[in-house]
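Reading through the structure tokens given below for one structure.
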Amino acid sequence: MTATETVRPWLRLRSVPGIGNLIFRRLLDRFGAPMAVFEATRDDLLTVEGITPRLVAAMRQHARADEFSDREMNKARRMGCHIVTQADHRYPALLLQIPDPPPYLYVYGDTAAFPVSVAMVGSRHATTYGLTTTRRLSSDLARQGITVVSGLARGIDTAAHEGALQGGGNTVAVLGSGLAKIYPRENADLCHRIATRGAVISEFPLDAGPEPHHFPQRNRIISGMSLGTVVVEATRRSGSLITARMALEQNREIFAVPGSVNSYKSMGTHALIKEGAKLVTHVGDILEELPPLDRQQAEPPDANFSRPQVAITLSGDEQIVLDALSPYPTHVDELTRQVNIDAGRVAGILLTLELQGLVNQDPGKLFRRTDETPCASSEMETSR
């Protein structure tokens, strides 16, 4: 049987009006394969929960209706994509364990070699702290041989994919649209880069747009194909909390990165921590909750999964300025008021700290500590 003949019955059955993922799964559990469903008797079909005489009639009408199936398969082939059914070894194994897995996935790239995955999600309007933290965690996960799964959205999702690629690892983007309608459009180039080190996937037809109701459906796939979900920044009404709730329902681990107590963008993550999510400050917090699976590690981890630190000697004023900064941006005028040091002197200190990699400058004369500040000792401390 050719690949086309294998895939066509799956698309045909899913296209029957009234056949959703749950009923599709019940039919598979009862009959074993889509073609067997079409060959089943009316009485046998009616024994399946949710199957009505009207649905049986609809299935009979679709028994040879392949216009949709052929159109999708032909377009997928022209786009360089493929369709992976639940019967295909390339279908994500963990995803099969959720109550309503998609019968098939449209795939740009390859899903076959990624048995260990962790999802990372968060705000579309992330802070600099959220973005840098996401990139660091994703890069560290990638170096441990773990695939990073996210949703390609602006903000945290984009940073998660970029961090995994920067770490030389694999990443999977799950879309809330069809593969022919990449959303957001500015991430089209990122999609191509992801496909070289992982896959871009969707359960929606190729030309499906980014409809609002698609994204909650998309979120269950992100959590469902992952051992755990990390939420970096989320307000109390964030869609990322939907992903976390789905992960909980799927009996997967939930992680949350703490933020500033003054940031409303971290109120959702703080709520998750209060409810029992694992607090994450470095990659080791994630790894210690995962099963001891065989991961090919790009670099061996040490006990704390941290990089070697280099001691940097700072003057008294430099240490005061550094201590006054946090991972959240502070305007230079506000910083000057806090440290009570001459503005010209503060500007010079900030330049020195930036050159030493201790401080980053954002547009608008905003300054923040780097997320991985090397060990720093003041001249007064070293003279003791």
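Observations, loosely collected:
- Taking all C-alpha pairs of the stretch 1-70, those more than 13 Å from each other amount to 61 percent.
- Spin-label pair residue 249-residue 323: with each label point 7 Å from Cα along the Cα-Cβ axis, the two points sit 4.9 nm from one another.
- Lysines whose Cα lies under 27 Å from that of residue 75, excluding same-chain neighbours fewer than 8 positions away: 181
- For residue 265, the lysines whose Cα comes closer than 25 Å to its Cα, not counting residues fewer than 8 places off in the same chain, are 274, 278, 365.
- C-alpha center-to-center spacing [the stretch 157-232, the stretch 84-127] in angstrom: 9
- For residue 255, the residues whose amide H sits under 5 Å from its own are 229, 230, 231, 278, ignoring neighbours fewer than 5 places away on the same chain, with H placed 1.01 Å from N.
- Angle in degrees between helix 3-14 and the longest Cα principal axis of the chain, rounded to the nearest 10: 90
- Among the protein heavy atoms of the stretch 30-83, carbon and sulfur supply 49% of the accessible surface, probe 1.4 Å, non-protein parts ignored.
- Note on residue 112 and residue 57: the extension gain reaches 16.1 nm, defined as 0.36 nm multiplied by sequence separation minus the Cα-Cα distance.
- For the stretch 90-158, the Stokes-Einstein estimate of translational diffusion at 25 °C and a viscosity of 0.890 mPa s comes to 181 µm²/s, using the Kirkwood hydrodynamic radius over alpha-carbon pairs.
- As a size descriptor, the averaged projected area of the C-alpha convex hull of the stretch 72-114 was calculated at 3.1 nm².
- Among the trypsin sites (Lys or Arg not before Pro) in the stretch 1-101, those placed in a DSSP loop whose Cβ has at most 12 other Cβ atoms within 10 Å are 64.
- Based on protein heavy atoms only, the stretch 133-279 ends up with 36 Å² per residue of surface accessible to a 1.4 Å probe.
- Each Lys and Arg contributes +1 and each Asp and Glu -1, all at the Cβ; summed about the Cα centre of the chain, the dipole is approximately 1220 debye.
- Over the chain - Rg/Rh using Cα atoms and the Kirkwood inverse-distance radius: 1.08
- Inter-probe distance in nm under a simple model that places probes 7 Å from Cα toward Cβ, at residue 22 and residue 67: 3.0
- Length-normalised contact order for the chain - Cα pairs under 8 Å, 6+ apart - percent: 12
- With viscosity 1.306 mPa s and temperature 10 °C, the Kirkwood radius over alpha carbon pairs of the stretch 71-212 converts through Stokes-Einstein to a diffusion coefficient of 105 µm²/s.
- Once you divide the Cα radius of gyration of the stretch 1-133 by 2.2 N^0.38 Å, the number left is 1.27.
The values are calculated or read from the model by the stated rules, or taken from the named source; none is laboratory data. Worth saying up front: this structure is predicted, and the values here are computed from it rather than measured. No Cβ is skipped: glycine too gets one built from the backbone with ideal geometry, and neighbour counts run over all protein chains shown. Calculation scope for accessible area: heavy atoms of the full protein, side chains included, ligands and nucleic acids excluded. Shrake-Rupley method; radii C 1.70, N 1.55, O 1.52, S 1.80 Å.
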